[in-house]
Amino acid sequence: MNYPEYVNRYCFNPGCSVSIFNAPTFAGIKTPIVKVLEEEGSCAGCGEKYIAVPILEIKLMVYESFHSTAAETIA
């Protein structure tokens, strides 16, 4: 994984006015990649946790590692 120094975090709460689901008003929060990896941020509009691509990719890798054939063989 190779990311720029800053990445966008987004609110995915459909009921929030600054959510990615509200296209006319949504706002990505440009954040240093180090901060994204170190701490969870919350949306100022609704309090839900922000989501960023690097975090989603890490979660996917962890999920896949637990559900791979190698993991099944070890268990």
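The values are calculated or read from the model by the stated rules, or taken from the named source; none is laboratory data. Here the structure is a predicted model, which means the values were calculated and not measured. Note that each Cβ is placed from the backbone with ideal geometry, even for glycine, and that neighbours are counted across all protein chains shown.
Name the single residue that is nearest to the chain's Cα centre (by Cα) among those in the stretch 22-40 being in a loop (DSSP other than H, G, I, E, B) and surrounded by 14 or more Cβ atoms within 10 Å (Cβ to Cβ).
Gly28
Checking Val62 against (1) modelled with pLDDT of 90 or more; (2) of a type outside the set (D, E, K, R); (3) surrounded by 11 or more Cβ atoms within 10 Å (Cβ to Cβ), which single condition isn't satisfied?
The failed condition is (3).
Looking only at the stretch 5-17, count how many residues are farther than 13 Å from Lys49 by Cβ and out of contact with any strand residue (DSSP E or B) (no Cβ under 9 Å at 6 or more places or on another chain).
The number of residues fulfilling the criteria is 3.
Which pairs do you get when a residue that is within 24 Å of Glu40 (Cβ to Cβ) and of a type outside the set (D, E, K, R), found in the stretch 59-75, comes within reach of a residue that is modelled with pLDDT of 90 or more and in a helix (DSSP H, G or I), reach meaning Cβ atoms under 7 angstrom, with the pair 6+ apart or on two chains?
No pair meets every condition.
Taking Tyr10 as meeting all but one of (1) modelled with pLDDT under 90; (2) out of contact with any helix residue (DSSP H, G or I) (no Cβ under 7 Å at 6 or more places or on another chain); (3) among the hydroxyl-bearing types (Ser, Thr, Tyr); (4) surrounded by 13 or more Cβ atoms within 10 Å (Cβ to Cβ), write down the number of the exception.
Among (1) modelled with pLDDT under 90; (2) out of contact with any helix residue (DSSP H, G or I) (no Cβ under 7 Å at 6 or more places or on another chain); (3) among the hydroxyl-bearing types (Ser, Thr, Tyr); (4) surrounded by 13 or more Cβ atoms within 10 Å (Cβ to Cβ), the lone unmet condition for Tyr10 is (1).
Taking the stretch 41-59 only, how many residues are among the charged types (D, E, K, R) and surrounded by fewer than 13 Cβ atoms within 10 Å (Cβ to Cβ)?
Number satisfying all stated conditions: 2.
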